[in-house]
Structures are given as C-alpha cells and as structure tokens.
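Just below is one structure, and these are the notes that go with it.
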Amino acid sequence: MFDYLIVGAGFAGSVLAERLAAGADKKVLLIDVRNHIGGNAYDHYNADGILIHKYGPHIFHTNSQEVFEYLSRFTDWRPYQHRVKASVDGQLVPMPINLDTINQLYGLNLTAFQLDEFFASVAEPRDQISTSEDVVVSKVGRELYEKFFRGYTRKQWGLDPSELDAAVTARVPTRTNRDDRYFTDTYQAMPLHGYTRMFEEMLDHPNIKIMLNTDYREIEGVIPYREMIYTGPVDAFFDYRYGKLPYRSLEFKHETHNVPIYQAAPVINYPNDYAYTRITEFKYLTGQEHTKTSIVYEFPRAEGDPYYPVPRPENAEVYAQYKALADDTPEVHFVGRLATYKYYNMDQVVAQALTVYRKIMGTKRTEAATLPRLSRTTMPATVPVVSNGTSKGNGKAK
Ligand code: FAD
Ligand code: UDP
C-alpha cells in the first residue's frame with residue numbers, strides 16, 4: 001500500500017515526492033503520463049549531443065532563499081543572468097524596455113532622467129490598472145505598447161492585452177536605467193547538469209517508485225494508496241463538470257544548425273512578425289560548448305498540451321468553482337501550475353509544494369520542517385556559486 005499516489009512528475013509532484021519520502025518516510029508512487037520525469041522543465045541531449053529544453057526555455061530565478069537552498073541539495077549551479085532582445089522596426093533592442101532600448105530605437109541620447117520625462121509625456125494615465133493593456137499604456141504610452149506588447153500578446157494568448165489580467169504583461173518591467181537583464185531576482189542560475197539530472201537526484205530514494213507512460217486513471221482502483229497529490233489540469237480531474245478551463249498551448253519547432261552561434265541573444269522576441277513569438281538558443285542558457293547549436297521556435301496554439309493558464313476574470317470565475325470542488329475533496333491535494341490554475345514560475349511551484357508538504361505534516365514554516373537534511377552546497381546569502389562536487393552522486397547529502 002502506498003501512502004501517496006502523486007500524479008505528475010514535474011516540479012510540484014517531484015518536490016512533494018522527495019519531501020514525503022525523505023522527510024516523512026512515506027511510501028510514494030509517482031506517475032506521469034509522459035515518458036519522462038521533470039514535467040515541462042524536462043531537458044535532454046538531442047541527436048547532436050546538445051542539451052535542449054523539450055518544452056521551451058526554462059530559466060531559473062527566485063528571490064526565495066528557502067527554494068534556492070532546497071533545490072541546491074540536488075544540483076550544483078551555473079550562474080546565468082538571462083537577456084532578451086526584441087526585434088522591432090528592423091532592429092534588435094533590449095527587452096524589457098530600458099534606456100538603451102529607447103535610445104537605439106529612436107536614435108536618441110537620452111539620460112535616465114530625460115527618459116522618465118519622456119515616459120511621463122507619452123503615458124496614458126489610468127484610474128485603475130486592471131488589464132494587461134493598462135499596465136503598459138499607463139507607463140510607456142500607446143506607441144511603445146503597440147511596438148512591444150500588443151502584437152506579442154495577441155499572438156501568445158490569442159487575446160488582446162485588454163482582455164487579460166494586468167499580471168500577465170506586468171511580468172515584464174519597464175526600466176529607465178541600462179539594466180538589460182530579464183530578471184532581477186537574487187538567485188539566477190541554471191542547474192549545472194540540467195533539470196532532468198536535478199530531478200533524478202531528487203527522486204533517487206528507496207521510498208519513491210516511478211511509473212511513466214501512465215495516466216493515473218489507468219491505475220486507480222488497481223494500486224491501493226491512502227491519499228493523492230494531483231498536479232494535472234484541475235478541470236480534467238473533475239471531468240470538466242463546469243466546462244473546460246482554457247489552457248494556452250504551444251508547438252515547439254526544434255532545429256540544429258551547423259554553426260557555433262545562431263543568433264545575437266539567448267532569446268529574441270518577435271512581437272510583430274512571424275507566427276512564432278520567440279526563438280531561443282540553448283547554448284547561451286546551458287553554457288555548453290559545441291560546434292553546432294540548437295534553437296527552438298514557439299508557436300502559440302489554442303489546442304494541445306496545457307502549458308499556460310489564461311489569467312482573465314471569466315476564467316478565474318470558472319476556476320473558483322473547481323477550487324471549491326477541490327476544497328471539498330480533502331483526500332486529494334491539488335498542487336502546481338495546472339492544478340491550481342496559476343501562472344506560476346518554477347520557483348513559485350516549488351514554494352507552493354513545500355507549503356503543501358508543511359500543511360500535510362501539520363508543521364509550521366521552520367528550518368526543521370523543510371530542511372532536515374544538509375545542503376548539498378554551502379550557499380552564500382545572495383550570490384549563486386557553482387561548487388566543486390559536480391559529478392552525479394558526489395556530495396549528495398541524503
Ligand atoms: P508540469 O511541469 O506541467 O507537470 C505536471 C505533470 O503532470 C506533467 O508532466 C503531466 O504530464 C502530468 N500529468 C497531467 N495529467 C496527468 C494524468 N492524468 N496522469 C498522469 N500524469 C499527468 N518557469 C520559470 O521559472 N522560468 C522559465 O523560464 C519558464 N519558462 C517556461 C517556458 C514555457 C514554454 C512554459 C510552458 C513554462 C515555463 N515556465 C518557466 C513555467 C514552468 O514550466 C512551470 O512553473 C513548472 O514546470 C510547473 O510545474 P508543475 O509540476 O506544476 O507542472
Ligand atoms: N510580452 C510581450 N512582449 C514581449 C515579452 C512579453 O508582450 O516581448 C507579454 C506577453 O503577453 C507575455 C507576457 O508579457 O505572454 C509575459 O512574458 P514572459 O516573457 O514572462 O512569458 P513566458 O516566459 O512566461 O512565456
């Protein structure tokens with residue numbers, strides 16, 4: 001008899017499997033309908049031996065020391081600050097919009113102070129910021145909104161920014177300085193040997209059994225368990241009782257080119273041209289050296305694997321109905337981006353899973369509750385470093 005059946009081997013399911021098995025000595029069956037662990041963060045070496053992210057670029061960043069230290073038990077890190085360029089008006093300019101973006105785009109030489117004044121002169125004041133259009137237009141005005149945000153958002157979501165919650169475009173800030181990093185979080189790093197290796201380390205425990213290529217419905221009633229942790233789409237779990245919750249999908253087109261470098265930045269966004277939103281070149285992210293290089297195009301789709309919840313009021317209403325059902329189903333814990341219908345980054349999913357673990361164990365947030373084992377690496381307070389113990393199993397603190 002398993003104590004827990006965990007549905008989904010992504011961040012949500014894997015963190016809970018690890019915690020319940022290693023932290024609470026529970027017997028766990030972790031299953032996934034896919035043929036691999038890692039969920040959407042899964043990476044692998046392609047036919048040319050280049051490490052790629054099967055489901056699009058995954059860049060780890062967090063302000064949570066707890067999350068970073070927790071994951072550091074299973075991987076060493078490669079410090080990596082992500083940078084993105086947008087292809088606008090025939091130029092490649094820094095995205096998020098910063099001082100250099102504006103100077104380059106308009107052939108100007110503004111100072112940060114002058115840029116502030118410029119933004120103030122073009123911004124359209126809004127009494128309330130409720131949509132993704134409001135966020136941008138109220139800061140940088142309509143022209144920049146149209147160049148950088150409207151087309152990209154329509155392509156990505158199949159909706160106008162005015163139909164999406166403010167939080168969507170608010171993920172991308174506007175700056176008046178020259179900082180061209182995509183994220184400003186305290187911890188920004190990539191797992192040194194990739195995400196899948198990190199998941200393998202996490203799940204390497206005698207209390208965890210893994211079953212791939214299996215939908216949980218195939219084993220329900222066949223393999224006994226006490227409680228379930230479910231990380232798939234919440235509407236599917238309840239047989240779409242309140243209708244389908246929209247999840248945005250993507251089609252990934254992977255290519256390998258016989259050149260060492262393909263493009264001028266790790267990610268190039270195409271807000272106004274082409275059917276794809278962006279192209280990612282993986283070697284920038286992973287630091288791998290190779291004579292060839294692999295890239296991925298992202299083509300947004302309405303149908304396909306569920307990747308993004310779609311944050312807008314009518315969907316929040318439908319989700320609230322599913323949430324009420326979920327709350328009425330205490331023997332199942334709903335965790336993660338699909339099961340709680342939240343546009344969460346990886347670190348937020350890890351934090352959510354650690355919180356659910358504490359709730360299950362009835363403990364408060366203390367070091368003892370979440371970090372009972374030694375850290376794999378000793379981390380300084382703020383700067384990610386790569387430790388020496390890099391080979392698999394080396395320095396593992398289990
Ligand atoms: P998932 O990874 O989706 O795992 C859920 C698992 O459940 C899946 O493997 C699925 O196969 C399985 N499952 C579902 N239903 C069933 C069933 N019936 N039976 C069995 N198994 C089932 N986050 C960042 O922090 N940085 C980034 O740069 C970043 N980039 C992203 C880029 C893209 C294109 C996408 C789509 C997401 C990105 N994210 C990024 C978000 C990140 O992928 C998620 O936060 C994280 O992977 C969610 O983990 P999860 O466990 O909640 O869900
Ligand atoms: N966005 C945009 N133009 C860009 C980058 C982002 O309009 O060049 C908007 C778009 O709506 C996108 C959202 O901001 O979906 C969040 O961007 P992010 O890069 O965080 O998306 P993700 O990596 O999660 O796909």
Which length gain, in nm to one decimal place, applies between ARG217 and ASN272 when the Cα-Cα distance is subtracted from 0.36 nm times their residue separation? 15.6 nm
What shape does the range 172-211 have by the C-alpha gyration tensor, where a ≥ b ≥ c are the square roots of the eigenvalues, rounded means a/c under 1.5, and otherwise prolate means a/b greater than b/c and oblate the rest? prolate
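In the structure shown, do any of LYS323/LYS359; LYS253/LYS342; LYS155/LYS359; LYS54/LYS292; LYS54/LYS244 have a Cα-Cα gap over 29 Å, and if so which?
LYS155/LYS359
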If you average the C-alpha positions of the range 225-273 and of the range 1-75 separately, how far apart do those two centres end up, in angstrom? 16
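Full extension from THR184 to PHE113: what is 0.36 nm times the residue separation minus their Cα-Cα distance, to one decimal in nm?
That works out to 23.5 nm of additional length.
Run the helix sum for the chain: -39,500 (n - 2.57) per DSSP H stretch of 4+ residues, divided by residue count, reported at 222 nm to the nearest 500 deg cm²/dmol.
-8000 deg cm²/dmol
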Hey, what do the phi angles of the range 250-264 turn into as Karplus ³J(HN,Hα) couplings, whole Hz, using 6.51/-1.76/1.60 and θ = phi - 60°, x for Gly and Pro? 9, 10, 9, 10, 8, 9, 10, 10, 8, 9, x, 10, 9, 9, 7
Helix 346-361: angle to the longest alpha-carbon principal axis of the chain, degrees 0 to 90, nearest 10? 30
Net charge of Cβ neighbours under 12 Å - reference GLN321; Lys, Arg +1; Asp, Glu -1: -3
Distance (nanometres) between label positions extended 7 Å along Cα→Cβ at LEU159 and ASP25: 4.8
When only C-alpha pairs under 8 Å and at least 6 residues apart count, what is the relative contact order of the chain, in percent? 26
With an 8 Å Cα cut-off and a minimum separation of 6 or more residues, compute the relative contact order for the range 1-153 in percent. 11
If amide H atoms are modeled at 1.01 Å from N in the peptide plane, then the residues at a separation of 5 or more from GLU251, or on another chain, having amide H under 5 Å from its own are PHE299, ARG301
Here the residues of the range 230-254 lying in the modelled label zone of ALA324, meaning backbone nitrogen under 12 Å from a point 7 Å along Cα-to-Cβ, are 242
Note, ³J(HN,Hα) from phi for the range 194-209, Karplus 6.51, -1.76, 1.60, rounded to Hz, x at Gly and Pro: x, 5, 4, 4, 4, 5, 4, 4, 4, 9, 7, 8, x, 7, 10, 10
Work out from phi, with θ = phi - 60° and the Karplus expression 6.51 cos²θ - 1.76 cosθ + 1.60, the ³J(HN,Hα) of each residue of the range 134-150, listed in order in whole Hz, and give x for Gly and Pro. 3, 4, 7, 4, 6, 9, 10, x, 6, 5, 5, 4, 6, 6, 10, 10, 5
For the chain, give the share of DSSP beta bridges that are antiparallel, in percent and rounded to the nearest 5; count only bridges with both residues there. 65
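Taking square-rooted eigenvalues a ≥ b ≥ c of the alpha carbon gyration tensor, is the chain rounded, prolate or oblate, where a/c under 1.5 means rounded and, failing that, a/b exceeding b/c means prolate?
On the way: a/c = 1.77, a/b = 1.41, b/c = 1.26.
Since a/c reaches 1.5 and a/b is larger than b/c, the shape of the chain is classed as prolate.
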Using only Cα atoms, find the angle between the long axis of helix 112-122 and the longest principal axis of the chain, and express it within 0 to 90 degrees, rounded to the nearest 10. 80
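Just so you know, all these numbers are worked out from the coordinates, no wet-lab data involved. From a predicted model like this one, the values you see are computed outputs, not experimental measurements. Glycine gets a Cβ as well: all are built from the backbone with ideal geometry, and neighbour counts include every protein chain shown.
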